[in-house]
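Here the structure is laid out as structure tokens; the discussion comes afterwards.
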Amino acid sequence: MKVRSTDKGWESIVTQHSSDPRVARLTAFCKTREEMETSERAVLAPFAEKSGDSRGRQYSEASHSYRTEFQRDRARIIHSRAFRRMEYKTQVFLNGTGDHLRTRLTHSIEVASISRTIARALRLNEDLAEAIALAHDLGHAPFGHSGEEMLAECMRDHGGFDHNRQSLRTVDLLETPYPQFPGLNLTFEVREGLRKHEPCYEFPAPGGENYKCPSLEAQVADLADEITYCSHDLDDAVDFEILNAAQLGENEIWRRSHCEVLARYTSARVPELHKLIIRDIIDNEVHDLVVTSAKSIAVSGVQSADDVRRQPAPLIRYSDELAEANRALRKFLYQNVYYHPRVAEVNRRACEMLRRVFEAYLVDPDRLGDGATRRIESQGLPRTVCDYVAGMTDRYLIAEYKRIAQVGTVYANHPLRA
């Protein structure tokens, strides 16, 4: 007899085939959700989030037999359409301009990897940190941050646009795989972690308590995102050949890792040398973050996840020295990469296409399709158009722009353009 797991769990299989000794032997090796939750309580730090203590979901659901709540969230995120679309969304360099350049999807996977490393070292909940990391860019517009700025301009008089809020909107409303409720119905803890750069007192817990800081796992995912995009945007810029050796030598973080790598690998040469430097930068960032955060947590005296939320400032942090060096690196990237003519001019043209498509939908909302048009009454036309455009891949938006240009839709004087 072939034994397989089902959503009903092992209990129903054992009951149905209790007389078969093979079932009993097999189930002895199976780890149940309850056993995983017990393991978390034994292994994780007292201030880590425990899946068995989750504050739950907006819509009540029965627990899974062999997945914790945060593991279940991670799976829902990975299986979402918004997650798959990130493969064709720009990180920095327009999607399709290079086979090895990061996309929004590969960036999110890399953030998840670094998040797990940091969470594991600090004895935090890896599954929660990973789920937040994988979902943090689900709401990002096409064409990277330039696309986000253009969409924010289009929505200036209609509530604005921010990709962090849009990620939460995506998992709460726009993804619709379940007939019982809108969205993915993720746990409170994952949704909390998607509210980056916003005070959490605007997002009270189910019990009504307001607080200033999210979980440590959410803080880890936030800084893992920063480590990832700084190091990998630098890596992509080197691959794209818009940074030369003299420019790289101006930055302290690059210069320090360059010296450290050459001391260990005296015969290293470009391009392998560059890869070793990027790896060293990430290692240094993660090591500093883990050591500094461990001290910060110990000094704070927190003994629970709720103690973390009551803190006046995040506990996951860099050393002061590295924080200053990272600010200089971000400034370096803006000056030498993000605003480089080869990047900026392409982004300018792409964003003009985004604006034209947005305005065309305002004039002719029938272009949006049935799923989106059904939301116009409850969400309003500008927000519905914004949701639709934000969900587009780069290539779909370009194709839609071409279709609109061929039709010659006139919308220059439409009252909603402003």
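The values are calculated or read from the model by the stated rules, or taken from the named source; none is laboratory data. Bear in mind that the values here come from a model prediction, so they are computed numbers and not experimental data. Note that we place each Cβ from the backbone using ideal geometry, even for glycine, and neighbour counts take in every protein chain shown. Remember, those area values only see protein heavy atoms, side chains included, never the ligands or the DNA or RNA. Shrake-Rupley method; radii C 1.70, N 1.55, O 1.52, S 1.80 Å.
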Problem set entry | Residues of region 294-318 satisfying the condition of being open to solvent by less than 40 Å² (accessible area, probe 1.4 Å), closer than 16 Å to GLU189 by Cβ and assigned to a helix (DSSP H, G or I) | ALA305, VAL308, ARG309
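Being in contact with a Lys or Arg (Cβ under 6 Å, 6 or more places away or on another chain), at pLDDT 95 or above and either under 26 Å from GLY147 (Cα atoms) or not hydroxyl-bearing (Ser, Thr, Tyr) (or both) narrows it down to one residue among GLU69, GLU110, GLU130; which is it?
Values: GLU69 fails: in contact with a Lys or Arg (Cβ under 6 Å, 6 or more places away or on another chain); GLU110 fails: in contact with a Lys or Arg (Cβ under 6 Å, 6 or more places away or on another chain).
Checking each option against the conditions leaves just GLU130.
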For this session: Please name all residue pairs, on different chains or six or more residues apart, with Cβ atoms under 6 Å, provided the first residue is in region 80-101 and is closer than 13 Å to ALA141 by Cα and the second residue is at pLDDT below 85 and outside any helix (DSSP H, G or I).
Result: TYR88/ASN95
Problem set entry | Answer residue from region 173-204, given it is in a loop (DSSP other than H, G, I, E, B), surrounded by 14 or more Cβ atoms within 10 Å (Cβ to Cβ) and within 16 Å of the chain's Cα centre (by Cα) and is modelled with the lowest pLDDT among those | GLU198
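Look at SER167 and say whether it is free of Cβ contacts under 8 Å to residues at least 40 places away in the same chain and under 14 Å from the mean Cα position of the chain (by Cα). First the steps, then the outcome.
Numbers: free of Cβ contacts under 8 Å to residues at least 40 places away in the same chain: yes; under 14 Å from the mean Cα position of the chain (by Cα): yes.
For SER167, the condition - free of Cβ contacts under 8 Å to residues at least 40 places away in the same chain and under 14 Å from the mean Cα position of the chain (by Cα) - is met.
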Problem set entry | helices (runs of 4 or more DSSP H) (entirely within region 320-390) containing at least 1 residues that are open to solvent by 30 Å² or more (accessible area, probe 1.4 Å) and in contact with a Ser or Thr (Cβ under 8 Å, 6 or more places away or on another chain) | 341-363, 370-373, 376-379
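Among the candidates HIS145, HIS140, HIS158, single out the residue that is at negative phi, in a loop (DSSP other than H, G, I, E, B), of a type outside the set (Phe, Trp, Tyr) and surrounded by fewer than 24 Cβ atoms within 10 Å (Cβ to Cβ). Before you say what the answer is, go through the steps one by one.
Details: HIS145 fails: in a loop (DSSP other than H, G, I, E, B); HIS140 fails: surrounded by fewer than 24 Cβ atoms within 10 Å (Cβ to Cβ).
The conditions single out HIS158.
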Exercise. Condition test on VAL286, is it farther than 16 Å from ALA48 by Cα, at pLDDT below 95 and surrounded by 13 or more Cβ atoms within 10 Å (Cβ to Cβ)?
Worked result: no
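Condition check: within 26 Å of the chain's Cα centre (by Cα) and either of a type in the set (A, V, I, L, M) or over 21 Å from HIS163 (Cα atoms) (or both). Does ARG327 satisfy that? Break it down stepwise before answering.
Values: within 26 Å of the chain's Cα centre (by Cα): yes; either of a type in the set (A, V, I, L, M) or over 21 Å from HIS163 (Cα atoms) (or both): yes.
When the stated conditions are applied, ARG327 passes them.
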Exercise. If you go through region 217-255, how many residues are over 19 Å from the mean Cα position of the chain (by Cα), in contact (Cβ under 8 Å) with a residue 12 or more places away in the chain and more than 23 Å from ARG102 (Cα to Cα)?
Worked result: 2
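Taking region 57-103 as the region of interest, how many residues are of a type outside the set (S, T, N, Q), part of a loop (DSSP other than H, G, I, E, B) and open to solvent by less than 50 Å² (accessible area, probe 1.4 Å)?
First, the residues of region 57-103 that are of a type outside the set (S, T, N, Q): 57, 59, 61-62, 64, 66-67, 69-70, 72-79, 81-89, 92-94, 96, 98-102.
Now narrow it down to the ones that are part of a loop (DSSP other than H, G, I, E, B): 59, 61-62, 64, 66-67, 79, 89, 92-94, 96, 98-102.
When the remaining residues are screened for being open to solvent by less than 50 Å² (accessible area, probe 1.4 Å), the result is 64, 89, 92-94, 98, 101-102.
Of the residues in region 57-103, 8 are of a type outside the set (S, T, N, Q), part of a loop (DSSP other than H, G, I, E, B) and open to solvent by less than 50 Å² (accessible area, probe 1.4 Å).
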